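Worksheet for the structure shown next.
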Amino acid sequence: MIEDTPAAGPLAGVRVVELAGIGPGPFTAMLLADMGADVIRVDRATEVRPELFGTPHPDLLNRGRRSIGVDLKEPAGRDVVLSLVRRAHVLLEGFRPGVTERLGLGPADCHAVNPELVYGRMTGWGQDGPYAPAAGHDIDYLALTGALHGIGRPGEPPVPPMNLLGDFGGGGMVLAFGVVCALYAGGAGQVIDAAIVDGTALLTTQIHALRRMGMWQDARGVNLLDGAAPFYTTYECKDGRHLAVGALEPRFYAELVRRTGFEPPEGEGRDRTDPAQWPAAREHWARLFRSRTRDEWARLLAGGDACVAPVLDWDEAPGHPHLSARGTFVAPGGISQPAPAPRFSRTPGAVRRPPPHPGEHTAAVLGELGLSAERIATLRADGAVA
């Protein structure tokens with residue numbers, strides 16, 4: 001169990017109210033908390049289990065904040081949240097469009113008690129448009145933006161990149177960026193409509209540029225950056241594990257060739273600039289990389305500019321010497337997890353506290369709002385908080 005550490009990051013002093021959700025919304029809240037914001041997570045009262053208090057919740061996305069258990073459908077529960085909003089700089093919510101309005105916690109309700117609040121909204125399809133009321137998941141947003149079309153091998157179906165590209169890249173990070181932009185601009189009651197479909201489309205800007213320049217084909221798995229190039233792909237090694245090769249530039253490729261002893265047959269796969277020769281070159285490289293184990297290749301090619309890295313699994317990654325030296329992973333309370341990023345020279349972020357169980361800090365947070373022990377007891381008895 002890690003002890004709470006004082007806020008010292010670049011967002012120290014920023015107060016955030018997070019209406020509990022899943023995936024990209026909590027990721028946004030985690031990013032803000034990592035950078036020093038005081039985030040209060042409003043969990044459902046029905047999920048509160050006091051017997052678990054004092055132990056870290058397994059969901060690392062919830063790290064760094066405190067939690068209160070509230071029934072948002074109870075008027076007194078809604079009033080508790082509005083009391084938090086009065087003192088907050090930011091509110092985050094990830095419900096379908098119209099839900100917070102029906103709960104009495106929409107932008108107009110919150111701005112009535114705090115006109116300067118930054119109101120951050122996370123949805124898949126956005127607050128408007130034909131799909132806005134519909135359910136969806138990461139794979140659907142990638143599909144509609146064209147991003148999914150470009151991921152996979154030729155002649156095979158598209159491959160979902162887990163949910164990193166949509167939920168977290170196009171969703172959570174874009175909302176966090178929007179929140180910080182609004183805070184920098186003074187807030188002024190801005191409402192941020194962060195739609196994963198919009199953020200995912202934004203991430204594909206370079207591909208659209210390459211298509212306009214005639215440097216990208218629409219077919220899958222035939223382009224420079226989608227695994228077709230023999231010098232920008234992955235290879236299986238002797239032990240069944242893999243290497244990632246990213247020697248895009250000619251001088252890096254030349255070093256890769258020199259250090260591996262690559263020698264394709266005359267006339268086959270020698271011209272790296274000719275996509276027609278890529279399949280043959282890939283076969284020759286595959287044969288060469290199968291001659292040693294992954295770690296043998298990693299040791300041989302370590303350092304320098306050959307642009308090769310071992311493909312590590314989830315357990316191996318935190319122990320890699322480079323990641324260890326940089327502190328890319330941390331283990332507060334003995335629980336390994338990615339460290340806050342990016343780094344700041346004077347105001348570093350930190351994992352301030354472990355993920356809370358729902359409602360773990362209800363009494364403390366309500367006490368900070370000035371509610372008496374008797375009033376808190378009444379709210380509990382009425383089911384407004386837990």
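The values are calculated or read from the model by the stated rules, or taken from the named source; none is laboratory data. Remember, it's a predicted structure, so these values are computed and weren't measured experimentally. Cβ atoms come from the backbone with ideal geometry, glycine included; neighbour counts cover every protein chain shown.
With respect to the conditions (1) under 30 Å from Cys110 (Cα atoms); (2) in contact (Cβ under 8 Å) with a residue 60 or more places away in the chain, Cys181 lacks only one, and its number is (2). When the stretch 249-270 is filtered for residues that are surrounded by fewer than 14 Cβ atoms within 10 Å (Cβ to Cβ) and not basic (Lys, Arg), the ones remaining, listed by number, are Glu249, Pro250, Gly261, Glu263, Pro265, Glu266, Gly267, Glu268.
Could you go through the stretch 314-332 and let me know if any residue there is farther than 28 Å from Phe27 by Cα and part of a helix (DSSP H, G or I).
In the first step, residues of the stretch 314-332 are kept if they are farther than 28 Å from Phe27 by Cα; the result is none.
No - not one qualifying residue is present in the stretch 314-332.
Which of the strands (runs of 3 or more DSSP E) found entirely inside the stretch 175-247 contain at least 1 residues meeting this: among the polar types (S, T, N, Q)? Steps first, answer last, please.
Working: elements: 191-195, 232-236, 242-246.
Correct list: 232-236.
Can you find a residue in the stretch 143-151 that is more than 19 Å from Leu19 (Cβ to Cβ), more than 18 Å from the chain's Cα centre (by Cα) and not in a helix (DSSP H, G or I)? Yes, that holds for at least one residue. Listed residues Ala363, Ala331, Ala350, Ala339; which is free of Cβ contacts under 8 Å to residues at least 24 places away in the same chain and closer than 30 Å to Val80 by Cβ? So the residue among Ala363, Ala331, Ala350, Ala339 that is free of Cβ contacts under 8 Å to residues at least 24 places away in the same chain and closer than 30 Å to Val80 by Cβ is Ala363.
Selection of the stretch 42-74 for residues being farther than 25 Å from Arg343 by Cα, outside any loop (DSSP other than H, G, I, E, B) and in contact (Cβ under 8 Å) with a residue 40 or more places away in the chain yields Val42, Asp43, Arg44, Ala45, Thr46, Glu47, Pro50, Leu52, Ser67, Ile68, Gly69, Val70.
The C-beta contact set for the stretch 20-39 (first residue at pLDDT below 95, second residue assigned to a helix (DSSP H, G or I) and among the small types (Gly, Ala, Ser), distance under 8 angstrom, 6+ apart or interchain) comprises Gly23/Gly171; Gly23/Gly172. Screening Leu366 against (1) of a type outside the set (Asp, Glu); (2) out of contact with any strand residue (DSSP E or B) (no Cβ under 8 Å at 6 or more places or on another chain); (3) part of a helix (DSSP H, G or I) leaves a single unmet condition, (2).
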